[in-house]
1. Take the Cβ-Cβ distance between residue 69 and residue 200 as r, set R0 to 35 Å, and report the resulting FRET efficiency rounded to the nearest 0.05.
2. Between residue 177 and residue 121, what FRET efficiency comes out of the Förster formula 1/(1 + (r/R0)^6) with R0 = 25 Å and r the beta carbon distance, rounded to 0.05?
3. If you project the alpha carbons of the chain onto their three principal axes, what span does each projection cover, largest first, in Å?
4. Label residue 139 and residue 62 with points 7 Å out from Cα along Cα→Cβ: what is the distance between them in nm?
5. Counting only C-alpha contacts under 8 Å and six or more residues apart, can you give the relative contact order of region 41-159 as a whole percent?
6. Mind giving me the FRET efficiency for residue 110 and residue 17? R0 is 41 Å, r the Cβ-Cβ distance, nearest 0.05 is fine.
7. Quick check: residue separation of residue 190 and residue 94 times 0.36 nm, minus the Cα distance between them. What number comes out in nm?
8. Just order 69-80, 173-184 by mean Cβ neighbour count inside 10 Å, highest at the front, would you?
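What follows draws every value from the coordinates through simple rules; no lab data is involved. This structure is a prediction, so every number in the text was calculated from the model and none was measured. Here the Cβ is made from the backbone with ideal geometry for all residues, glycine too, and neighbour counts use every protein chain on show.
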Ligand SMILES: Nc1ncnc2c1ncn2[C@@H]1O[C@H](COP(=O)(O)OP(=O)(O)OP(=O)(O)O)[C@@H](O)[C@H]1O
């Protein structure tokens, strides 16, 4: 399994009353699997992605990425996990301001040792960034920045891609095309995609759908 989540819980103890954000969450993803994570605002979707990325710590339960339990990882180990195994497309695109589009796209792939200029080139064309390669992030629109973040994640060919509303800033036609590219690229590289989305239209294009409600997973409908 690329991802195995068992009885995961997350509580925030910050305020007067602890907030239980995730409770008893369990599911698995195999290589190349694509899963839409749905649920109302505040149901815990982003929290779940942050835990899997090692950006936050679970209160209980276990997360295994490619068979390795990451729950007790140090910050250094988590950083290595993101470099080597997990690609991220988050709502803040986290592009590097001092690098142009071409270097931003290559950045994660280079760090992971998986940079392939032909693959990066193919992605650049398919995602429509060819004319913007020498620009810096500040000169791009929100939608263009989002496409750079997506191309950067796909270029690295990670085994697991975590995407938080990856096409949220794009118009419907572009969003459809970009999701199609993500699915096609992921199939080519056997990357599993865990994608948070508020769009039922986009969720329907993933192989599986899970809904979080107040921190727990509702029963998974049979896959089609
Ligand atoms: N640091 C924190 N301290 C306390 N509560 C927090 C913290 N971070 C998140 N929460 C709470 O956890 C809950 C889940 O938040 P999360 O961002 O995971 O939801 P979401 O499903 O991704 O929502 P949205 O669809 O609006 O992005 C919310 O009620 C939020 O207020």
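1. 0.55
2. Calculated transfer efficiency: 0.85.
3. Its Cα atoms span 50, 38, 35 Å along the three principal axes.
4. 5.1 nm
5. 29 percent
6. 0.35
7. Difference between extended and current length: 32.1 nm.
8. 173-184, 69-80
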